[in-house]
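Report on the following structure.
The values are calculated or read from the model by the stated rules, or taken from the named source; none is laboratory data. Every value quoted in this text rests on a predicted model; they were computed, and no experiment measured them. Cβ coordinates were reconstructed from backbone atoms using ideal geometry, including for glycine residues, and neighbour counts include every protein chain displayed. Accessible surface areas use protein heavy atoms only, side chains included; no ligands, DNA or RNA. Shrake-Rupley method; radii C 1.70, N 1.55, O 1.52, S 1.80 Å.
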Amino acid sequence: MRKRAAPATSRGMDLTLTLILLAASLALTVFAGWRGAQPPNLIKGPRMVPWRFLMVMGAALAMLLLIHLATLGGMSRPDWV
């Protein structure tokens, strides 16, 4: 008989990848927060990068990655969710 092929399953995001993405999103959040807090330079003109928006998006991604990290650690969501 022929051997059956192994089922095609994805590993998903493991712990290492989650921690790397969490560190990168926290670094983006801190850097964008620092750049957004700088006073505007009227000689150079308006800012073309929305630093505060990038800060909020980095923080939201960090929050999602923290939740994912908790589920990798064995936490489960409550029944009412």
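At a glance:
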read-out: Descending semi-axes in whole angstrom, ellipsoid equivalent of the chain, from the Cα gyration tensor; value: 40, 18, 10
read-out: Residues with amide H under 5 Å from that of M13, placed H, sequence gap 5 or more; value: none
read-out: Rounded to 10°, Cα long-axis angle of helix 51-72 versus longest principal axis of the chain; value: 20 degrees
read-out: Where trypsin sites (Lys or Arg not before Pro) in DSSP loops with at most 11 other Cβ within 10 Å are excluded, longest remaining stretch of the chain; value: 45-81
read-out: Candidates G33, G45, G58: whichever shows maximal mean-square fluctuation once the chain is modelled as a Gaussian network with Cα springs under 10 Å; value: G45
read-out: List S76, S25, ordered by accessible area with a 1.4 Å probe, largest first; value: S76, S25
read-out: Given charges at beta-carbon only (K, R positive; D, E negative), |dipole| of the chain in Debye; value: 380 debye
